[in-house]
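Working notes, structure below.
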Amino acid sequence: MALLSVRNLTKTYPNGTRALRGVSFDVEEGEFLVVIGLSGSGKSTLLRCLNLLQEPTSGEVHFEGQKISALQKSEQVRSVRRRMGMIFQHFNLIPRQSVLKNVLMGCLGKKKTWQSLLGLFSAQEKQSALENLKLVGISDKAYLRADSMSGGQKQRVAIARALMQNPVLLLADEPVSALDPATCHVVMNYLKKIQKEMGITVIANLHFLDLVRQYATRVIALRDGEIVFTGRPGEITEEWFKRIYGEEAYALAQNTP
Ligand code: ADP
């Protein structure tokens, strides 16, 4: 059984934009699936439908054998979200709080409301937060403010925060789009480490292709809300590049030194 199964997913926004037009695919446990496509092709909408931040217009999402696309009760939605970590392009940290506190925020989904309101965390949770910071190589920054971190460090804090839920699936929405090329690799390498060593399945949206070959086990390409390619990274030929990104982008890529 696939970890995640998406069938005929569509999403039409209230203004009429058809962001997803019948998307179907499966994700097996342990994959590092990368979703590529031009800006506006529907990548972010897809990820948000997977973790129930957006309600699909039609179609189904099954996760760990459970149909999650039609869950209504907030308790059920919360319980699904606990199994999926998410990281974002702009990190979504609380700037004035410490790195450690930001990571601890990752266990709020598991706590009772009064504990969350009081910001109460156990010694065990703090220990686990420090271990997750160590895993992404920044345990020495635990007591510094989040806004004093560089972009790459902020994304590593966000990864550590996502790991606090012990997710089986990590969704990464353009995780390196705000970072310089060298830092991209640092962050991508940590995501790869999490997939390989911890066995956490990763689905990441990436705007451009260059990182895909190094990190993805499989690729899905979206164009105008439809899947136009699915396969291994090595199977993306120049012809496919043109189909995914258009002739214009292909010509630009050829002219880039
Ligand atoms: P990507 O992540 O590939 O850039 P998105 O999923 O963000 O693509 O967007 C897909 C399409 O849906 C785009 O045309 C975008 O303008 C539109 N869109 C995204 N979010 C909304 C929204 N909240 N309301 C209306 N249209 C939206």
Of (1) within 16 Å of the ligand (Cβ to nearest atom); (2) within 18 Å of the chain's Cα centre (by Cα); (3) part of a strand (DSSP E or B), G85 satisfies every one except (1)
Count, please, the residues in segment 1-56 that happen to be open to solvent by 60 Å² or more (accessible area, probe 1.4 Å), modelled with pLDDT of 95 or more and away from the ligand (no atom under 12 Å from the Cβ).
-> 4
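For T201, state whether it is modelled with pLDDT under 95, among the β-branched types (V, I, T) and more than 16 Å from the ligand (Cβ to nearest atom).
Numbers: modelled with pLDDT under 95: no; among the β-branched types (V, I, T): yes; more than 16 Å from the ligand (Cβ to nearest atom): yes.
When the stated conditions are applied, T201 does not pass them.
Within segment 68-77, is even one residue open to solvent by less than 30 Å² (accessible area, probe 1.4 Å) and in contact with a helix residue (DSSP H, G or I) (Cβ under 8 Å, 6 or more places away or on another chain)? Lay out the reasoning, then the answer.
So in segment 68-77, the residues open to solvent by less than 30 Å² (accessible area, probe 1.4 Å) come out as 68-69, 77.
Keeping just the survivors that are in contact with a helix residue (DSSP H, G or I) (Cβ under 8 Å, 6 or more places away or on another chain) gives 68-69.
Yes: segment 68-77 contains one or more residues that are open to solvent by less than 30 Å² (accessible area, probe 1.4 Å) and in contact with a helix residue (DSSP H, G or I) (Cβ under 8 Å, 6 or more places away or on another chain).
The values are calculated or read from the model by the stated rules, or taken from the named source; none is laboratory data. Being a predicted model, the structure only gives us computed values, none of them experimental. Virtual Cβ from ideal backbone geometry, glycine too; neighbours counted across all protein chains shown. Side chains included, ligands, DNA and RNA excluded: accessible areas come from the protein's heavy atoms. Shrake-Rupley method; radii C 1.70, N 1.55, O 1.52, S 1.80 Å.
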